[in-house]
Amino acid sequence: MLCSPKMNSMQWKNISIRFQLSILYSLLLVTLLSLFSFGVFVNTKNFLINNTAVRLKAQAKPVIQQWLYLNREIKHEIDAGYLKEKAHLLAVDLTSRDTAALVLDKHGSILATGRQLKEEPVPVPPNRSYYEKSLSGNNDVSYTERNNGHLFLVVLIPLRKAPGSPAVLGVLQLSTSLSSIENILIRQKTILIAGIILVFIAGALLGLWITTTSLKELRIMASACNEISMGDFEKRIKIPKRNDEIGRLADAFNYMIGRIKDLFDAQSRFVVNAAHELRTPLTAIQGSLEVLMRGAQDDPQAISRLTQGMYREVTRLTRMCEQLLDLSRIKNSENARRERINIKKYLEDFAQYAGIIAEGRKLTVTGEPDLYISADPDSIKQVLFNLTDNAIQHTGREGIIIFDCKSSGDKVKISISDNGSGISSEDIPHIFEPFYRGDPSRSRRRGGTGLGLTIVKTIVEANSGKIEVISKPDEKTVFTITFPLS
Ligand SMILES: Nc1ncnc2c1ncn2[C@@H]1O[C@H](COP(=O)(O)OP(=O)(O)OP(=O)(O)O)[C@@H](O)[C@H]1O
Ligand SMILES: [Mg+2]
């Protein structure tokens with residue numbers, strides 16, 4: 001039954017890599033070995049046959065010399081009559097138990113056959129197309145022919161008027177059986193075929209063993225993947241340490257699973273924290289509404305206090321929603337608008353604007369002029385605003401906030417420092433996490449959500465930068481942002 005090529009390739013892909021590799025490996029081995037064996041076989045066959053032809057010619061040469069040309073003057077050439085006269089002697093002398101000799105004249109008629117005894121071989125019938133070649137003077141005519149089921153080698157030697165003369169009077173045909181050579185060749189063929197089959201079987205088994213051992217790790221990886229896909233993110237690929245492609249794949253895979261687990265953990269922490277942050281104002285609003293419904297509507301002072309409280313909570317909820325929307329917008333906007341910004345000038349403009357909300361704190365701008373970065377100006381404004389807002393929140397009215405910019409190799413470092421309360425070393429690793437606040441009740445009182453620095457970090461990274469913080473409690477806090485120089 002014929003299969004379409006598409007079907008065949010589908011079936012091939014369904015076979016495990018282990019079998020595919022060992023089949024391909026064995027087929028390659030067998031093909032190479034067959035080609036090599038064929039070469040060796042043909043070479044041996046040609047060698048044995050050529051050797052026999054050379055032997056026959058070597059045997060014939062002195063006999064021809066003796067019967068046709070010896071005792072005659074070189075100048076005197078022989079003629080057809082002389083050849084006819086000596087043909088019988090020549091043929092008899094060259095016939096033996098394994099060689100049959102025939103002498104043909106220049107018309108192809110048999111002049112003499114040397115066979116006298118029954119055990120001497122019967123000559124192969126002359127083949128016109130070959131003896132005509134020989135009659136035309138060709139010295140190298142030999143061919144193999146099957147006669148009565150046996151293979152014979154036939155050698156044709158032109159009989160010339162004189163040695164080296166172009167005129168040919170007849171042809172001497174010598175034939176000998178190639179049975180013994182044929183037996184040797186059949187034996188060699190059998191050995192080679194058996195060798196090929198053995199190599200195929202051994203190659204397939206060896207290939208299967210090699211691929212099974214080297215692909216064992218891939219099977220372990222596949223089963224680890226299955227367990228991970230069922231939700232077991234603690235699972236890791238455990239294979240003996242190796243430095244090859246499989247070892248590197250396992251390391252990369254384990255690293256990737258670690259990262260995915262971190263992302264999942266961060267995601268679920270985010271959802272839990274967001275739900276918690278939303279619940280707090282909602283619970284406060286619900287409590288105020290319950291008090292109002294229970295009869296506080298007759299107490300104008302209570303109404304005013306409760307509605308003001310509800311207004312504060314709603315404002316906080318609205319701010320949190322806006323910040324969450326900002327976060328998702330920043331994360332999803334792939335190609336943010338980028339402009340070349342003169343950073344010192346930008347900081348000076350910003351400091352002027354921030355002075356309005358700084359409530360007496362001293363804002364200073366220092367640093368190198370004419371440093372440029374490529375970033376989205378609106379986003380950079382939000383970064384500066386969130387950092388300045390924090391600095392204002394954590395310094396007293398006499399606080400000093402310094403904006404600085406300087407180049408460092410192919411980077412620009414922008415820092416915002418304050419001399420406020422500082423951040424404790426326990427808080428520092430967490431301050432960029434969503435909803436994290438060093439002092440939750442204080443931050444919440446003033447409407448903070450703990451998303452400010454998360455937004456800052458997301459924007460900085462979206463603009464190819466990074467942010468670091470150094471802080472000494474009650475002394476200073478320095479946030480440093482590094483951007484590539486534009
Ligand atoms: N300049 C600073 N000095 C001292 N502590 C700081 C400073 N900046 C940030 N922090 C600490 O890091 C925490 C996280 O800051 P972040 O800006 O993310 O949240 P927040 O200011 O509390 O609230 P939000 O910014 O949403 O109004 C703050 O609660 C505070 O504890
Ligand atoms: Mg903040």
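The values are calculated or read from the model by the stated rules, or taken from the named source; none is laboratory data. From a predicted model like this one, the values you see are computed outputs, not experimental measurements. We place every Cβ from the backbone using ideal geometry, glycine too, and count neighbours over all the protein chains shown.
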Output yes when any residue across region 118-132 is assigned by TED's automatic domain parsing to the domain that holds LEU174, in a strand (DSSP E or B) and out of contact with any Asp or Glu (no Cβ under 8 Å at 6 or more places or on another chain), and no when none is. no
Search result, residues across region 415-427 that are within 48 Å of the chain's Cα centre (by Cα) and at pLDDT 95 or above: SER415, ILE416
What number of residues within region 373-394 are farther than 17 Å from GLY452 by Cα, surrounded by 15 or more Cβ atoms within 10 Å (Cβ to Cβ) and not small (Gly, Ala, Ser)? 2
Output yes when any residue across region 120-143 is surrounded by 13 or more Cβ atoms within 10 Å (Cβ to Cβ), of a type in the set (A, V, I, L, M, F, W, C) and in contact with a helix residue (DSSP H, G or I) (Cβ under 7 Å, 6 or more places away or on another chain), and no when none is. yes
The conditions are (1) surrounded by 14 or more Cβ atoms within 10 Å (Cβ to Cβ); (2) on the phi < 0 side of the Ramachandran plot, and GLU339 fails exactly one of them. Which is it? (1)
Residues that are aromatic (Phe, Trp, Tyr) and within 12 Å of ligand 2 (Cβ to nearest atom): which helices (runs of 4 or more DSSP H) entirely in region 369-486 hold 3 or more of them? none
Taking into account only those residues within region 422-451 that are near ligand 1 (Cβ under 8 Å from one of its atoms) and acidic (Asp, Glu), which is surrounded by the fewest Cβ atoms within 10 Å (Cβ to Cβ)? ASP439
Output the residues belonging to region 169-211 that are modelled with pLDDT of 90 or more and among the small types (Gly, Ala, Ser). GLY170, SER175, SER177, SER179, SER180, ALA194, GLY195
Can we say ASN342 is more than 16 Å from ligand 2 (Cβ to nearest atom), among the polar types (S, T, N, Q) and without any contact (Cβ under 8 Å) to a residue 12 or more places away in the chain? no
Of everything in region 282-296, what is under 12 Å from LEU317 (Cα atoms) and at pLDDT below 90? Give them in sequence order. none
Quick check: anything in region 298-319 under 29 Å from the mean Cα position of the chain (by Cα), among the acidic types (Asp, Glu), more than 30 Å from ILE380 (Cα to Cα) and not assigned by TED's automatic domain parsing to the domain that holds TYR436? no
